[in-house]
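Here's the structure we're looking at; comments come further down.
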Amino acid sequence: NHTQSDMGTTVVAAVVRGRELHVANVGDSRAYLIRGGEIGQITLDHSWVAEEVRAGRMTPEEAEHHPQSNLLTRVLGLYAQVEVDVFQRKLEPGDIIVLCSDGLTGCVGDDEIKEVVSECSSASAVEQLVEWAVDGGSTDDISVIVIKVS
């Protein structure tokens, strides 16, 4: 569609092989690992504000409400090739993996994500997180996958 030729999309994907987690991402869709009551973002956001924060030119607080927070530096669909980040983690029983789009993270904080996925079944957690994002005014797509490691 020529009217959408300047649009791209983001992706986060994961493969679990035994006790190994392999994650790939482009854009600002994220993967989190919850272990021992702590949440950690596995992926790096490919956005202008995230890169400014990593370079020390902007604080996370400034980035959170910056008017250009949706400006992505890497996406799928605009160019023939794109650099994909790949991450690996060893998994332990009790770990929880969350894959999500920015439609969720733009409205629901990391601590809220950790709380609901730790207390609910995977299916219930997904329903609750999507509901919170919608109630929080998300105007973007909301995609969520929760994987609990046994």
* Asked: Are any residues in region 99-119 in contact with a helix residue (DSSP H, G or I) (Cβ under 6 Å, 6 or more places away or on another chain) and either without any contact (Cβ under 8 Å) to a residue 24 or more places away in the chain or not in a helix (DSSP H, G or I) (or both), and if so, which ones?
  -> Cys107, Val108, Val116
* Structure fact -> Of (1) among the small types (Gly, Ala, Ser); (2) within 28 Å of Asp95 (Cα to Cα); (3) surrounded by fewer than 19 Cβ atoms within 10 Å (Cβ to Cβ), Ala14 fails just (3)
* Top-ranked residue of region 20-58 - restricted to ones that are of a type in the set (Lys, Arg) and under 20 Å from Ser118 (Cβ atoms), ranked as farthest from the chain's Cα centre (by Cα) -> Arg35
* To do: Return only the number of the condition from (1) part of a helix (DSSP H, G or I); (2) loosely packed, with under 14 Cβ neighbours inside 10 Å that Gln68 does not satisfy.
  => (1)
* When you go through Ser143, Ser118, Ser101 one by one, which is the residue that is touching an Asp or Glu at 6+ places or on another chain (Cβ under 7 Å) and either surrounded by fewer than 13 Cβ atoms within 10 Å (Cβ to Cβ) or not aliphatic (A, V, I, L, M) (or both)? -> Ser101
* To do: May I ask you to verify whether Arg57 is part of a loop (DSSP other than H, G, I, E, B) and either open to solvent by 50 Å² or more (accessible area, probe 1.4 Å) or over 26 Å from Ser5 (Cα atoms) (or both)?
  => yes
* Among the residues of region 1-40, count how many are at pLDDT 95 or above and not in a loop (DSSP other than H, G, I, E, B). => 23
* Select, from Cys100, Cys120, the only residue that is of a type outside the set (Phe, Trp, Tyr) and closer than 22 Å to Pro60 by Cα. => Cys100
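The values are calculated or read from the model by the stated rules, or taken from the named source; none is laboratory data. Just so it is clear, the model here is predicted, and its values are computed rather than measured. Please note: Cβ atoms are built from the backbone with ideal geometry, for glycine as well, and neighbour counts cover all protein chains shown. Calculation scope for accessible area: heavy atoms of the full protein, side chains included, ligands and nucleic acids excluded. Shrake-Rupley method; radii C 1.70, N 1.55, O 1.52, S 1.80 Å.
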